[in-house]
Amino acid sequence: MNALLALHRIGPYHDARFQAALAHLDLEVLETRPHSQEYPWSFQPAGTYRRHALHGAAGPEQDPHALSLERQLSALLDGLQPDVVLTVGWADRAYRQLLRQAQLCRIPVVLIADSRWRDRPRQRLQEWSKRLLLRHFSAALVAGRESRSYLEGLGFPPPAIFQPWDVVDNAFFAAEAARARGESAPPPLIGQHHLICVGRAIPEKNLDGLLDGYAAYQHQGGGWGLRLIGSGGEGPQAGPLRKGIARLPRPEWVRLEPFLDQHAVARAYGLASALVLPSRKDTWGLVVNEAMAAGLPVIVSTACGCAADLITPGETGWLFDPADPAQLSAALHRAEAQPPPQRAAMVAAARRRLEAFSLAAFAGGLKQAVHQAYRHPRVARGAASLALALACRLEDLPIQGRNASRL
């Protein structure tokens, strides 16, 4: 079967997934914002799938104007004639217009989504409009339990929902981390044993809360350093972050670093002793997948979407309330005090859990979603058709930043 998948821009995660999908599908990929810097990847896709791109947008984080967008998408569908179309959300005008064009061509559409009910305050009218728009999708591919539950709550039929979407190349991270352990010395200043946190200095990542918990950990005799990757001198929170570090009992134990590419991050996992992800809000948290694959124990905020699927406390990692620094401090001490046999057992259990979130699992879920849509297409009429027509005339829905391609 021939499938066309639309997303902002292909990154290393997507490239690995799409290459895996080729085992089941003839895949074409449309980049709706090919120059986006939402994630500053220095990366060129290596996959053998065919790539297409929209052009003519006023800026890298925008879609082309309405008439150009309609013409480009219409020509693309006419030329490719895919059996199924997939869109990574619907917040962008490009996704909604592609959905409408596919409906006009009688091509079934699959929704890819990882949004959860608790990601943001919900308004009744907006949720009702989503129910109408969802009638145009014939299947869905979701991240995990919470995103599945959200779609079901919006009336999407459970048998047409498949997973997983949020996966990484587990074998790559395992191999690179092992290579780093065998070749490299730990980073200077933070010592042989240190925690690693990967994320931008933005409020959602709760780095101030991390420093509160880490300060308590230091006051209580904790001896591990902290390596903050992706937050060095970037974002509106970078200044307060540096001030927070300066107030620690041992500020020299903390190291700030900028965004690193996938190879460098994988090697950083290999040198660390545990990952901590303190987010106040995180739709999934792919760094947890990465760290678990790399063989690290993980300390994860309960606000992260991956927590429900990947973390069994004490077995595959530890959980904490991101609003409670004392819980975080306690988890840091548990990680430091963990005997080597228990650590090995936790790492092994985490890697077994990841088998359901592998590239092969993604490719299988994608295949199921595509075949479900092709065999059981849903045709929306009446109010649902009107809702989609009106949505195509709107600019991007008010979902910005990291969630711009999600529900």
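Read-outs: derived from the displayed coordinates by stated rules, not from any lab. Just so it is clear, the model here is predicted, and its values are computed rather than measured. Heads up, the Cβs are rebuilt from the backbone with ideal geometry, glycines too, and the neighbour counts pull from every protein chain shown.
Taking each of Lys130/Lys205; Lys205/Lys243; Lys130/Lys281 in turn, the alpha-carbon distance tops 25 angstrom for Lys130/Lys205.
Using the Cβ-Cβ distance between Arg106 and Ala337 with R0 set to 51 Å, the FRET efficiency works out to roughly 0.25. If R0 is taken as 25 Å, the Cβ-Cβ distance between Arg71 and Phe43 corresponds to a FRET efficiency of 0.30. Taken about its Cα centre, segment 270-377 carries a charge dipole of roughly 320 debye when the Cβ of each Lys and Arg holds +1 and the Cβ of each Asp and Glu holds -1. Between the helical axis of 170-183 and the longest alpha-carbon principal axis of the chain there is an angle of about 30 degrees.
Structural descriptor for the chain: relative contact order 21 percent, calculated from alpha carbon pairs under 8 angstrom and at least 6 residues apart. Charge dipole (Cα centre; +1 on Lys/Arg Cβ, -1 on Asp/Glu Cβ; no other charges) of segment 170-357 amounts to roughly 260 debye. Counting only alpha carbon atoms, the long axis of helix 325-337 and the longest principal axis of the chain meet at about 70°.
Please give the calculated 222 nm ellipticity per residue for the chain, where each DSSP H segment of at least 4 residues contributes -39500 (n - 2.57) and the sum is spread over every residue; nearest 500 deg cm²/dmol?
It lands at -12500 deg cm²/dmol.
Arranged from fewest to most other beta-carbon atoms within 10 Å of their beta carbon, Phe137, Phe259 become Phe259, Phe137.
Here segment 170-357 has an Rg and Dmax of 14.9, 42 Å, counting Cα atoms alone.
Taking 0.36 nm per residue of separation and subtracting the current Cα-Cα distance, fully stretching the chain between His24 and Gln126 would add 33.1 nm. Most fluctuating residue of Arg179, Arg93, Arg124 in a GNM of the chain with Cα springs under 10 Å: which is it? Most flexible of the set in this elastic network: Arg124. Rounded to the nearest 20, the Cβ-based charge dipole of segment 7-164 about its Cα centre (Lys and Arg +1, Asp and Glu -1) stands at 560 debye.
Normalised size of the chain, defined as Cα radius of gyration per 2.2 N^0.38 Å with N residues, equals 1.01.
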